[in-house]
Each structure stands twice: as structure tokens, then as C-alpha cells.
Amino acid sequence: MKINWKRLAWVVFVILYAGLFFFNCLKPFNNWFAPYVFTIILVVWLAYEYYNKNLFFQSGLIPDSLYFWLSRALFALFFYSSFVIGIATVIWWPKNQMGLYPFVNILGIAVLVVSIYLRQITFHKKPNDREKVKYFYLSLCLLNISIALGYGSLFLLGYAVVIGLPLTYWNYWHEGKVLSDFADYIKKQGVASTKGINYTKYWGKYLASREKKPKQK
């Protein structure tokens, strides 16, 4: 595997900077260590995904242009705002903490690790395996919950259930619909078996068919 040294150097810098920044940011406050460990694992994971050029909140089973921009943008806003609220819980909002430190936070770390594992299952999928998309969006659901637990935030737990889970389902529903339409398109092309077919070629044809406008009489 060829190493992208520029991207790797940037990733290493970000991880080291984040490690120092959040250490100085959280250490003066009570019950800081477990949330700090959670934060570093989260940062390392995001850096790893950035290095591999993976989409953060989509499985990659469909072309990037076919994802719905609004659902993607709203989920990204939800995710990063959750991160900020989690940090703020430790620093400025101690009354919002669940208690039971560090057991709740350790549970959040464990859920985050499971979420990352399920995500990796998706990236090692067969291109036509639509069942694997369920693993990916389940990993997002767990990611939502892990942030609430990792920072021990009662508000984030409600935020994840009321806002995060519906947004996750919206993205899942949209991607599933596109995959279903693509499967129907493949059948109409007379392809008897999807095993070994050139998905790049057929996705290109599918995109071209969507761009065609009906002729006006």
C-alpha cells in the first residue's frame, strides 16, 4: 500500500495537537480523564478515516453524488455539535453529567469501539451486499449514543435519541432506496448475476440514465 506522506504528516500533527489541546482543556476539571480518553479515541478514528478518504457519515456503497446533501449536512451538524456539547459538559455544565463516573464513560468508550468495528465491516463488504449497509447505519446509531455516554451527558442522550437517531434513519432510508433502484436497473440490463460485474461501469451507466431528460413532444 502506497503511503501518502503529506496526508500522514497532517494526520499525525492533528492527533498530537488534539492530544495536547484537550489535555490542557479538560485536566483542570473534575472527572476529566475518561472523557479525555474517549476524545482521543474519537480524534484518532476521525484522523484514520480522513487518511483513508472514507466518507464520515455514509457507507460509500453508492456514488457520492447520489447522497442527499440536506440529510448529510444535518447529520454532520448534529455530530459536531454533540462533540462540542460533550466537551462543554465536562467544563461548564457539571449538573448535566449522568454521574457514576467513570463507569458510564467507560461504557461509552466500549460502545464507540463497537461502532468503529461495525463500520469497518461495511468497508470490507462486497460491492453489491446491501445487507452490510445496515451494519454501517447501526454503527452510526451506536456512535450517537457513545458520545452521550463517553461524556456522561444527560442532554446528549436525549439529543441522540430525539435528533440523532431520526437523522441516521433518514440517511439509511435514502441510501437503501438508491441501492434498490440500482438493483432494479441492473436487472433491466439483463445481468443474470452480480458476481464479478464491473460496478464502476454500471454505476456510470446508471448515473447517465438519471441525467437523461425525457424528450418533449
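The values are calculated or read from the model by the stated rules, or taken from the named source; none is laboratory data. This is a predicted model, so every value here is computed, not measured. Neighbour counts are summed over all protein chains in view; Cβ atoms, including those assigned to glycine, are modelled from backbone coordinates with ideal geometry.
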Condition broken by residue 89, with the remaining ones in (1) in contact with a strand residue (DSSP E or B) (Cβ under 7 Å, 6 or more places away or on another chain); (2) closer than 19 Å to residue 168 by Cα satisfied: (2)
Every residue from the range 70-94 that is buried (at least 18 other Cβ atoms within 10 Å of the Cβ), of a type in the set (Phe, Trp, Tyr) and farther than 23 Å from residue 111 by Cα: none
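Is it true that residue 105 is crowded, with 16+ Cβ neighbours inside 10 Å and touching a strand residue (DSSP E or B) at 6+ places or on another chain (Cβ under 6 Å)?
Details: crowded, with 16+ Cβ neighbours inside 10 Å: yes; touching a strand residue (DSSP E or B) at 6+ places or on another chain (Cβ under 6 Å): no.
Considered against the rule, which asks whether it is crowded, with 16+ Cβ neighbours inside 10 Å and touching a strand residue (DSSP E or B) at 6+ places or on another chain (Cβ under 6 Å), residue 105 comes out as no.
The rows are residues; the columns are (1) in a helix (DSSP H, G or I); (2) modelled with pLDDT under 95; (3) touching a Cys at 6+ places or on another chain (Cβ under 9 Å).
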| residue | (1), (2), (3) |
| --- | --- |
| 108 | yes, no, no |
| 113 | yes, no, no |
| 117 | yes, yes, no |
| 122 | yes, yes, no |
| 130 | no, yes, no |
| 136 | yes, yes, no |
The range 1-25 - residue that is among the charged types (D, E, K, R) and more than 17 Å from residue 44 (Cβ to Cβ) and, of those, surrounded by the fewest Cβ atoms within 10 Å (Cβ to Cβ): 2
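Could you tell me whether the range 19-33 includes any residue that is within 23 Å of the chain's Cα centre (by Cα), aliphatic (A, V, I, L, M) and in a helix (DSSP H, G or I)? Give the derivation first.
First pass over the range 19-33, keeping only residues within 23 Å of the chain's Cα centre (by Cα): 19, 22.
When the remaining residues are screened for being aliphatic (A, V, I, L, M), the result is none.
No, there is no match, as no residue in the range 19-33 is within 23 Å of the chain's Cα centre (by Cα), aliphatic (A, V, I, L, M) and in a helix (DSSP H, G or I).
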Which numbered condition residue 47 misses (of (1) touching a residue at least 24 places away in the same chain (Cβ under 8 Å); (2) more than 14 Å from the chain's Cα centre (by Cα)): (2)
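Counting just the residues of the range 49-69 that are touching a helix residue (DSSP H, G or I) at 6+ places or on another chain (Cβ under 9 Å) and assigned to a helix (DSSP H, G or I), which one comes out surrounded by the fewest Cβ atoms within 10 Å (Cβ to Cβ)?
If we filter the range 49-69 for residues that are touching a helix residue (DSSP H, G or I) at 6+ places or on another chain (Cβ under 9 Å), which is where we start, we get 49-63, 65-68.
Those still in the list that are assigned to a helix (DSSP H, G or I) too: 49-51, 65-66.
Details: 49: 17, 50: 14, 51: 15, 65: 8, 66: 19.
This residue is 65.
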Residues that are surrounded by 14 or more Cβ atoms within 10 Å (Cβ to Cβ), at pLDDT below 85 and under 26 Å from the mean Cα position of the chain (by Cα), drawn from the range 184-206: 199
